[in-house]
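Colleague: Mind looking over this structure? Questions follow.
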Amino acid sequence: MSNVTVCARFRPRSSKEFRDHNDGVCVRGIDAETFVFQDDKEDELTFSLDRVFYEESPQAAVYEFLALPIMRDAVNAINGTIITYGQTGAGKTYSMEGPGIQDCDEHNKGLLQRVVDGMFAQISSLQDIARYTVKLSMPSLSINEFISNSLRDLLDLSKGNIQIKETKTQGILLSGVTEVPVSDSAEALQHLCTGLANRAVGETQMNMSSSRSHCAYFLTIQQDSVKDKRVKTGKLILVDLAGSEKADKTGAEGRVLEEAKTINKSLSALGNVINALTSGSPSKASHIPYRDSKLTRVLQDALGGNSRMALLCCCSPSTSNASETLSTLRFGMRAKHIKASPRASEVKFAKSQEEPSSATKDEKCGRILE
Ligand code: ADP
Ligand code: MG
């Protein structure tokens with residue numbers, strides 16, 4: 001059993017926070033794991049997490065602590081999930097993609113580019129042992145006035161609503177979602193750019209380019225052993241969640257307000273799943289309300305334990321956002337208690353040794369993605 005890695009990241013104060021609110025700062029760092037937080041009643045609360053990244057912390061530090069160990073395990077066929085959570089404008093997308101996925105300098109690259117670079121570097125060092133095939137898919141739980149709460153395929157928008165299937169052998173599958181094979185970082189980046197250009201963008205007062213969708217990046221890493229035809233697969237999921245703020249604070253109205261409500265509903269469902277996982281008996285899996293939202297269904301395997309998991313709680317350091325920051329930190333503290341026991345993927349044998357006739361209905365269904 002291992003715990004979920006939970007970190008907080010405080011971005012620098014924005015010019016708006018300086019200008020409009022002449023804000024103070026609600027966080028005082030103690031060390032790399034502990035900080036004192038001042039809530040809006042000026043009570044001081046001390047938080048200890050696995051790591052705290054303050055405003056001067058570089059992107060590389062976040063990657064090395066939070067994502068690198070999970071990426072390495074995924075190359076060794078242990079599933080991993082990395083999630084950014086927090087109010088709109090708190091730094092989720094910056095942490096995931098940097099200031100812009102396409103023309104980021106080395107220093108600013110986000111978790112996504114670093115994970116992809118690191119993964120291909122590790123794969124190339126293992127070429128003598130196994131042949132690797134990496135596939136990328138980008139499902140997005142998009143919230144908009146026409147197709148509320150639909151799961152879209154950002155690599156092929158013509159596919160419409162993606163269906164979620166559960167199989168005994170492979171867990172949750174996104175039926176028919178585009179999986180593009182990628183052979184190096186440049187190719188992966190090119191597809192990521194296409195997908196991100198398709199991601200829905202809405203406007204709120206909090207952040208003009210906030211994305212009103214939860215976006216997941218799936219990297220499926222299959223290794224075919226050179227020596228004995230054994231096949232193992234690791235799935236690495238990076239999730240950039242939509243903002244967790246209360247709708248009324250953003251001044252949203254009309255369509256944007258409806259979007260915000262739907263987003264809050266799915267984030268509440270995520271919180272409820274975490275509460276159920278951490279407060280009940282872990283064996284009572286049937287009582288975990290994964291089915292309450294598509295977000296929790298897509299993340300079911302990750303939340304349910306067969307995945308290493310890291311959560312980056314992205315926070316504003318400003319007193320004007322103290323209540324949102326506190327709710328983000330509480331979410332993180334709760335997630336800290338999820339127990340995970342990720343297993344290496346089951347070894348399968350390459351086609352010549354398989355017995356197709358004995359495949360169960362579930363397994364057949366699972367082949368949709370192969
Ligand atoms: P979110 O995705 O949580 O809505 P963003 O990642 O878009 O928020 O961040 C909002 C703004 O703050 C962006 O302009 C971003 O460049 C900036 N920002 C966020 N985190 C940092 C950071 N750690 N260092 C510098 N700028 C940051
Ligand atoms: Mg964002």
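Colleague: Can you compute the label reach from GLU106? Point 7 Å from Cα along the Cβ direction, backbone N cut-off under 15 Å, restricted to region 55-84.
Modeller: Output list for this probe position: 59-61.
Colleague: Taking the simple approach of a point 7 Å from Cα along Cα-to-Cβ for both LEU126 and ALA197, what is their distance in nm?
Modeller: Between LEU126 and ALA197, the simple spin-label model gives 3.3 nm.
Colleague: Then there's this: Quick one: dipole size for region 71-112, taken about the Cα centre, charges +1 on Lys/Arg Cβ and -1 on Asp/Glu Cβ, in debye to the nearest 20.
Modeller: The calculation lands at about 180 debye.
Colleague: Which value in nm describes the separation of the simple spin-label points at ASN3 and ARG291, placed 7 Å from the Cα toward the beta carbon?
Modeller: 3.3
Colleague: Sticking with this structure for a sec: With N denoting the number of residues in region 43-151, provide Rg(C-alpha) divided by 2.2 N^0.38 Å, to two decimal places.
Modeller: Against the compact-globule rule of thumb, the ratio is 1.28.
Colleague: So if I place +1 on the C-beta of Lys and Arg and -1 on the C-beta of Asp and Glu, and nothing else carries charge, what would the dipole magnitude of region 41-179 be about its Cα centre? I want it in debye, nearest 20.
Modeller: With only Lys, Arg, Asp and Glu charged at Cβ, the dipole is about 720 debye.
Colleague: Separate question: Net charge within 12 Å of LEU312 by Cβ-Cβ distance, Lys/Arg positive one each and Asp/Glu negative one each, not counting LEU312 itself? Before the final figure, lay out each step's value.
Modeller: Details: positive: ARG9, ARG11, ARG51, LYS92; negative: ASP50, ASP240.
Local charge sum for LEU312: +2.
Colleague: What list of ³J(HN,Hα) values in whole Hz, one per residue of region 153-164 in order, does the Karplus curve 6.51 cos²θ - 1.76 cosθ + 1.60 (θ = phi - 60°) give from phi, with Gly and Pro shown as x?
Modeller: Listing the rounded values in order: 9, 5, 8, 7, 5, 5, 6, x, 6, 7, 8, 9 Hz.
Colleague: Gap in Å between the Cα centre of region 8-55 and the Cα centre of region 151-175?
Modeller: 38
Colleague: Quick one: pull the percentage of alpha-carbon pairs in region 1-67 with a separation above 20 Å. Write out the running numbers ahead of the final one.
Modeller: Numbers: 852 of 2211 pairs.
When all Cα pairs of region 1-67 are counted, 39 percent exceed 20 Å.
Colleague: Could I have the simple spin-label model distance between SER15 and ARG330, label points 7 Å from Cα toward Cβ, reported in nm to one decimal?
Modeller: So the label points at SER15 and ARG330 sit 3.4 nm apart.
Colleague: In percent, what relative contact order does region 1-76 have, based on Cα pairs under 8 Å that are 6 or more apart in sequence?
Modeller: In percent, rounded to a whole number, it is 32.
Colleague: Also, I was wondering about something else. If packing is taken as the average number of other Cβ atoms within 10 Å across a peptide's residues, how do 79-86, 233-240, 37-44 rank, most packed first?
Modeller: Most protected by this proxy first, the peptides run 79-86, 233-240, 37-44.
Colleague: Could you tell me the calculated FRET efficiency between ASP228 and GLN190, based on Cβ-Cβ distance and R0 = 45 angstrom, to the nearest 0.05?
Modeller: The pair ASP228/GLN190 has a calculated efficiency of 0.85.
No lab work stands behind these numbers, since they all come straight from the coordinates. Everything numeric here is computed off the predicted structure, so don't read it as measured data. In this analysis, Cβ positions are derived from the backbone assuming ideal geometry, glycine residues included, and neighbour counts consider all displayed protein chains.
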